Amino acid sequence: MLARDCKIKGDGGILKKILLIEDEREVLDNISQILTLEGYEVISAANGILGIQFARKHLPDLIICDIMMPEIDGYDVARALKNDPATTGIALIFLSAKADRHDMRLGMETGADDYLTKPFKRDELLKAIKVRLDRLEISEKEKDKRLRDLRNSISLSMPHEMLTPLNVIMGYASILASDYESLEKGEAREMINGIIESGERLSRTIKKFLLYAELEVISTDPEKKGQLLKVSAPFSKKDVSAAAASCAAFYKREDDLEIDISDAFLKAHPDHVKKVLYELIDNAFKYSDPGSRVCIKTFVENNVFTIMISDAGRGMSREYISGIGAYMQFERKFFEQQGSGLGLALSKKVAEFYGGSFKIESDPGKYTGVAISFLIQ
């Protein structure tokens, strides 16, 4: 039940939402009253099962949970919440009548942020809550800063990435408009193709920026992130092979492609997986020489599905690799290879957003291997 319905303070501030999980009715009511009088919005759950359900439904700012409860104890509640992407980041304070060091250590190992031993004083409880919520506020400020940095970075880099193909489009279009009657058919066709290719490049760039920014914003919203993390997608050997073959054909390098992949069901949005795979395969062909191999392989280990894309191209320096995905890397030098940096940064962002990983190994001038991993269903 909700201890109070009001969600906005009188001064306009947003109430912090606390989920209280406690099977002893008297203790539950007493703590709920204390927190309500302190101005918190309180959600009460009389057992661990309800506690898990309410945590997923209401996404509180903080959870206070008793350990010794029937059916499902506090440790199991913590494990369930930490294993759920929608609730894993919620701070948790354990309450227990046990003061044994082993129990405290076990509480911390299962994901608790603090541990209060019963009986505790009112001030001890409020201080523990304040510490956790203050850290939450600091974290929120850091997220706001990251979003500001992202906006500033995009505003600096977007013009360059957009203007390059846009200049080609406008230049060719201007010539076609003014000199169309005097142009040879082959010249006109070449300019039209240039407009189409530049338009496609411009479209891909905008979509990459939008997806990167979208994931960055969703990362700061636990509810939206939790919803997106529930999506799963089939990784089809047939579809990926067809896409890779199409990419190879575009670069007229069909004989350079080597594929050894298997089907899987990934815990990620299908459009996002397809997008990053296209970027990685396209980069492999774009930045390696005709006649050299581009290999795509997959393997499964510990419920993790890894896609490895390797080529024998120009490679990347350690400094370049370490800078991929950094918020302030959206500057001119990050796009020295016509946008490859954003494609790699996006791939890293997508993999880590869904709980996977993104790694690059490269020997400049000889070899580059990109491994992107996702959890499997």
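The values are calculated or read from the model by the stated rules, or taken from the named source; none is laboratory data. Being a predicted model, the structure only gives us computed values, none of them experimental. Reconstructed Cβ throughout: ideal geometry from the backbone, glycine too, with neighbour counts over all protein chains shown. We work out accessible area using only protein heavy atoms, side chains counted, and drop any ligands, DNA or RNA first. Shrake-Rupley method; radii C 1.70, N 1.55, O 1.52, S 1.80 Å.
Taking the conditions exactly as written (under 29 Å from Glu352 (Cβ atoms), of a type outside the set (Ser, Thr, Tyr) and surrounded by fewer than 15 Cβ atoms within 10 Å (Cβ to Cβ)), does Leu277 satisfy them or not? No, not satisfied.
Of the numbered criteria (1) assigned to a helix (DSSP H, G or I); (2) surrounded by fewer than 16 Cβ atoms within 10 Å (Cβ to Cβ), the one Gly51 fails is (2). Residue check: Asn283 meets all listed conditions (1) part of a helix (DSSP H, G or I); (2) open to solvent by less than 10 Å² (accessible area, probe 1.4 Å); (3) of a type outside the set (Val, Ile, Thr); (4) within 20 Å of Lys208 (Cβ to Cβ) but one, namely (2). Restricting Ser198, Ser203 to residues that are out of contact with any helix residue (DSSP H, G or I) (no Cβ under 8 Å at 6 or more places or on another chain) and polar (S, T, N, Q) narrows the list to Ser203. Looking across segment 312-369 at every residue that is in a helix (DSSP H, G or I) and open to solvent by 80 Å² or more (accessible area, probe 1.4 Å), the one that is modelled with the highest pLDDT is identified as Glu352. For Ile206, the requirement of being open to solvent by less than 60 Å² (accessible area, probe 1.4 Å), under 22 Å from Val350 (Cβ atoms) and part of a helix (DSSP H, G or I) is met. Among residues of segment 25-46 that are modelled with pLDDT of 90 or more and surrounded by 14 or more Cβ atoms within 10 Å (Cβ to Cβ), those with a Cβ under 6 angstrom from a residue that is of a type outside the set (A, V, I, L, M, F, W, C) and in a strand (DSSP E or B), sequence gap 6+ or separate chain, pair up as Leu28/Ser44; Ser32/Ser44; Glu41/Lys17. Residues in segment 225-235 that are over 13 Å from the mean Cα position of the chain (by Cα) and open to solvent by less than 30 Å² (accessible area, probe 1.4 Å) were compared, and the one that is farthest from His272 (Cα to Cα) is Phe235.
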